[in-house]
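J.: Take this structure first; my questions come after.
Read-outs: derived from the displayed coordinates by stated rules, not from any lab. Just so it is clear, the structure is predicted and the values come from calculations on it, not from any experiment. Heads up, the Cβs are rebuilt from the backbone with ideal geometry, glycines too, and the neighbour counts pull from every protein chain shown.
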Amino acid sequence: VNDRWGIPHWDYKTSEYNMNLHVEDGGVWENNRGVGYSFGYNKLETDEHYLDISGLLHHLLDIVSRGGNLLLNVGPTASGEIPELQQKVLRQMGDWMKINSKAIYASNAVPEFKASDAPWIRWTGVGKEVFAHIESSGKTTFEVPESLVDDSSAHFLSGEKATISRSGNQITVDIDAKHSPMAVLAFKRR
């Protein structure tokens, strides 16, 4: 049971798009939004109104990295068809999840790892592993204290070993463009 109808008893808190963000302060919470601006089919919406794969991954990973869930709505037409523009981003998300779902399902927030907007990075953890979700390509440097991870365990969820170099709390990794739109780098926790 969610908290959306003002009833006194609920199991989890909800935010919607950018409203009620104050509920995203811990505990059990979920952000709700559509692929576009509407929860139902809106024939006036075009691709400029829909999330692209980068925007959808940013939204999902920001929420999951802070311990929340995402409820993503699609708006079918009157005949029950999902519009092609919505199908496109859902297919792209499915392709990304085929490789990277390990870092999403059953994941937890890991507040000891810092989020960054330059480069864009969010962190999740599952068991003894942590995952850096990185939107970047080429040589990318970011903070991850050596006391928190085993550098020799670094690998991309696509299967390749990651070659990293360290300088203090900063590591540099070369991210091949094939990891676009969002690379996921896994480490074992210390």
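J.: Report, to one decimal in Å, the Kirkwood hydrodynamic radius for segment 107-190 based on all distinct Cα pairs.
T.: On the way: mean 1/r = 0.0795 Å⁻¹.
The Cα-based Kirkwood calculation yields 12.6 Å.
J.: For the chain, what is the charge dipole size about the Cα centre, in debye to the nearest 20, if Lys and Arg each add +1 at the Cβ and Asp and Glu each add -1 at the Cβ? Walk me through the intermediate numbers first.
T.: Numbers: 19 positive and 25 negative charges, 101 e Å.
Taking the Cα centre of the chain as origin, the dipole is about 480 debye.
J.: Gain in length, residue 90 to residue 21, computed as 0.36 nm per residue apart minus the alpha-carbon separation, to one decimal in nm?
T.: Taking 0.36 nm per residue and subtracting the Cα distance, the gain is 22.4 nm.
J.: Which links in 114/178; 114/188; 161/188 stretch past 23 Å when you go from one Cα to the other?
T.: On the way: 114/178 25 Å; 114/188 16 Å; 161/188 13 Å.
Result: 114/178 exceed 23 Å.
J.: Another question about this same structure. How much length would be gained if the chain were fully extended between residue 47 and residue 9, taking 0.36 nm per residue of separation minus their Cα-Cα distance, in nm to one decimal? Intermediate values should be presented prior to the final figure.
T.: Details: separation 38, 0.36 × 38 = 13.68 nm, distance 3.88 nm.
Roughly 9.8 nm would be gained on extension.
J.: Between residue 99 and residue 69, take the C-beta separation as r, use R0 = 22 Å, and let me know the FRET efficiency to the nearest 0.05.
T.: On the way: r = 21 Å, r/R0 = 0.95.
For R0 = 22 Å, the calculated efficiency reads 0.60.
J.: Evaluate the Debye formula for segment 63-122 with equal point scatterers sitting on the alpha carbons, no solvent, and hand back log10 of I(q)/I(0) at q = 0.12, 0.21, 0.24 Å⁻¹, in q order, two decimals.
T.: With one equal scatterer per Cα and no solvent, log10 I(q)/I(0) is -0.44, -0.99, -1.09.
J.: Enter the angle in degrees (range 0 to 90, nearest 10) between the Cα long axis of helix 53-65 and the first principal axis of the Cα atoms of the chain, meaning the one along which they spread out most.
T.: Tilt relative to the chain: about 80 degrees.
J.: Picking from 52, 150, 11, which is most flexible by a Gaussian network model of the chain using Cα springs under 10 Å?
T.: Ranking 52, 150, 11 by mean-square fluctuation puts 11 first.
J.: Charges on Cβ only, +1 for Lys and Arg, -1 for Asp and Glu, centred on the Cα centroid of the chain; of 61, 51, 158, which one is farthest towards the dipole's positive end?
T.: It is 158.
J.: Then there's this: Sorted by mean Cβ packing within 10 Å, highest first, what order do the peptides 18-30, 58-70 take?
T.: Highest-to-lowest ranking by the protection proxy: 58-70, 18-30.
J.: Can I ask one more? Taking the Cβ of residue 121 as the centre, find all other residues whose Cβ is under 15 Å away and add up their charges (Lys, Arg: +1; Asp, Glu: -1).
T.: Values: positive: 66, 114, 122, 139; negative: 62, 112, 117, 135, 143.
Residues near residue 121 contribute -1 overall.
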